[in-house]
């Protein structure tokens, strides 16, 4: 670190480079964390699908298929978002602007999914539907923070 004896921060090139590396590393950590949260939440959707469908009984075979499709579609959406964020982060390189926009678009999609859940499933007494918008918002915040780095 530069001392206070007449040395300005502009005269210490390695300090600026190190700060940039730390910010880039933190951005990657936040992005990977968001991807892990979203992927895990997608798994939390896929695993209990049978129990969820059983909760709708009696239900016709066609309606069962539609509910299974929609339930798994949200899980696949979350896995796709997580995979996209991981791929953009791992690619790294000099395309920081592209990576930032991938994070921002993923964050908007997560907020949209959270809002959809808030106005539909979260209005039921099922606790997991009430938690979902919070999880989606938290992951979106992590991605927006990562996009700033």
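The values are calculated or read from the model by the stated rules, or taken from the named source; none is laboratory data. Please read all numbers here as calculations on a predicted model, not as lab measurements. For neighbour counting, all protein chains shown are included, and Cβ atoms are generated from backbone atoms with ideal geometry for every residue, glycine included.
Just to be sure, is residue 116 at pLDDT 95 or above, within 20 Å of the chain's Cα centre (by Cα) and either surrounded by 15 or more Cβ atoms within 10 Å (Cβ to Cβ) or part of a helix (DSSP H, G or I) (or both)? Spelling it out, it is not the case that residue 116 is at pLDDT 95 or above, within 20 Å of the chain's Cα centre (by Cα) and either surrounded by 15 or more Cβ atoms within 10 Å (Cβ to Cβ) or part of a helix (DSSP H, G or I) (or both).
All of 9, 71, 14 fail the test of being touching a helix residue (DSSP H, G or I) at 6+ places or on another chain (Cβ under 7 Å) and at pLDDT below 85, apart from 9.
State all residues of the stretch 119-133 that are in a helix (DSSP H, G or I), free of Cβ contacts under 8 Å to residues at least 40 places away in the same chain and more than 30 Å from residue 97 (Cβ to Cβ); if no residue qualifies, say none. Once the filter is applied, which keeps residues that are in a helix (DSSP H, G or I), free of Cβ contacts under 8 Å to residues at least 40 places away in the same chain and more than 30 Å from residue 97 (Cβ to Cβ), the stretch 119-133 yields 119, 121, 122, 123, 127, 129, 130, 131. Residues of the stretch 46-95 that are in contact (Cβ under 8 Å) with a residue 60 or more places away in the chain and either in a helix (DSSP H, G or I) or farther than 30 Å from residue 28 by Cα (or both): 89 alone.
Does residue 102 meet the test of being farther than 22 Å from residue 25 by Cβ and in contact (Cβ under 8 Å) with a residue 12 or more places away in the chain? Against the criterion (farther than 22 Å from residue 25 by Cβ and in contact (Cβ under 8 Å) with a residue 12 or more places away in the chain), residue 102 does not qualify. Annotation for the stretch 27-34: no member residue is surrounded by 15 or more Cβ atoms within 10 Å (Cβ to Cβ), farther than 19 Å from residue 100 by Cβ and at pLDDT 90 or above.
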